[in-house]
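Input: a single structure, listed below in structure tokens.
The values are calculated or read from the model by the stated rules, or taken from the named source; none is laboratory data. Since the model is a prediction, treat every value here as computed from it, not as a measurement. When we count neighbours, we look across all protein chains shown, and the Cβ atoms used for this are built from the backbone with ideal geometry, even at glycine. These area figures cover heavy atoms from the full protein model, side chains too; ligands, DNA and RNA do not enter into them. Shrake-Rupley method; radii C 1.70, N 1.55, O 1.52, S 1.80 Å.
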Amino acid sequence: RDMTDPQGGFYSAEDADSEGEEGKFYLWTPAEVNQVLGDNLGSQFCRDFDITAGGNFEGQCIPNLIKTGYVEGYEEDRKKLFSQRNERVHPFKDDKILTAWNGLMIAALAYGARVLGKTKYAKAAEKAVSFINANLRRDDGRLLARHRDQEAAYLAYLDDYAFLVWGLIELYQATLKHYYLRHALDLTKDMLKYFWDDTDGGFYLYGNDAEKLIARPKEIYDGATPSGNSVAAVNLIRLSRLTGNPEFEEKSRRQLSAFGGSVANSPPGHAHFLMAAWLDQTAPTDIVLVGNPKADDTLKLLSVINNKFTPEAGVTLKPLERKEEDPAQTALVAQNKQNMDGKATAYVCKAYSCQQPINDPQELEKML
């Protein structure tokens, strides 16, 4: 609501303070609530949302449900309070749109759409991808890093490529639209072209087409956000398994070799990189769905899959009518798969060995 550009990109940040006071825009006192809702209803609202005279933040209150838990009602009352809050001085918004941070947001929304069954999250993620393609790519396809006031600038860094590819992989898993997987593959090939170190392995922070600086660093530390190398390592393994491309897995293993010593010395500082190491050591689970993407029987099987936490699994869809080139169908595990008895069918393959095909959701749940 507050951090989305009308065209779909996501802004960077919003201040915590306004008019020189931290949290002023968001805080309430019982008197302010009563003034809007009246004494009786205001007292009930304050009781349920922990708004007290003593306050829970510097003498005022952040409305919350920590003590009371979920409460029903108050929809109209919350709208009144929201309208009143909008009359206050809003915090400053940093409205630049960064490719890297949008990649993280796309990944989060797509993952949320899949796990929670919220199609609106997937649509928001898709709209952000469209924004980036329209505003943050040159005519030759090279990504740019920042957009503001109708102007895009700066050649994209490793984080921009790696984070956006992560978002596209998650969006493919959420929607099973082949375009997003193809897009992820194209950007990954560009990432290897511009950033890969052929001598020692791993990715440099800035591209070989950028301004030459004194040093060309490789970042690996996973801090408030993961490093581009960590995300790229995970991406390469996942893309290799989704498409059957051995080059990507080989590149990921070269990263494991190049950075393994640093990671071993401080594992907590490389949490995302450790996911690549875990995936490399874990037998892949490939789930191939054969059916109509929008049919109920396909969606029921997909719902069962999405209700399970299986981070080592890659899900691909083989439509009954293939109308366009699908990179997921190049993987050996996806080839020669057919639907069974005219119904949507799931094939669950562990370490490239496939179980019997299933078209019953309950049986699929047991197998998973």
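Compared with the dominant Cα axis of the chain, that is its longest principal axis, helix 119-135 is turned about 80°.
With Cα atoms defining each centre, region 171-210 and region 74-96 are spaced 40 Å apart in the structure. Karplus-derived 3J(HN,Hα) values for region 80-85, using 6.51 cos²θ - 1.76 cosθ + 1.60 with θ = phi - 60°, are 5, 5, 4, 4, 5, 5 Hz; glycine and proline are entered as x.
A crude spin-label estimate for the pair MET367 and ASP17, with each label 7 Å from Cα along the Cβ direction, gives 5.9 nm. Residues of region 17-40 with backbone nitrogen within less than 19 Å of a virtual label 7 Å along the Cα-to-Cβ line of ASN86, please, listed as ranges. Counting backbone N atoms under 19 Å from the label point, the list is 25-28, 33, 36-37.
Sum -39500 (n - 2.57) across every DSSP H segment of at least 4 residues in the chain, then divide by the residue count to get the 222 nm mean residue ellipticity, nearest 500. Write down the numbers at each step before the final one.
Values: 12 runs with 165 residues, N = 368.
Counting only the DSSP helices, I get -14500 deg cm²/dmol.
The portion of the accessible surface of the chain made up by carbon and sulfur, rounded to a whole percent, is 50 (1.4 Å probe; DNA, RNA and ligands excluded).
What GluC sites (Glu not before Pro) does region 208-291 have in DSSP loop regions with at most 11 other beta carbons within 10 Å? Display every interim value, and only then the final one.
Details: sites: GLU211, GLU219, GLU247, GLU249, GLU250; in loops: GLU211, GLU219.
Qualifying residues, ordered by number: GLU211.
For volume of the Cα convex hull per residue in Å³, computed directly from the structure shown, the correct entry in [x] 130; [y] 152; [z] 191 is [z]. Accessible surface calculations at 1.4 Å, restricted to protein heavy atoms, place the chain at 52 Å² per residue.
Sequentially through region 283-292, phi angles give Karplus couplings (6.51, -1.76, 1.60; θ = phi - 60°) of 4, x, 10, 10, 10, 10, 9, 10, x, 6 Hz, Gly and Pro residues having no value and appearing as x. Taking the Cα centre of region 243-352 as origin and assigning +1 to Lys and Arg Cβ atoms and -1 to Asp and Glu Cβ atoms, the resulting dipole is close to 160 debye.
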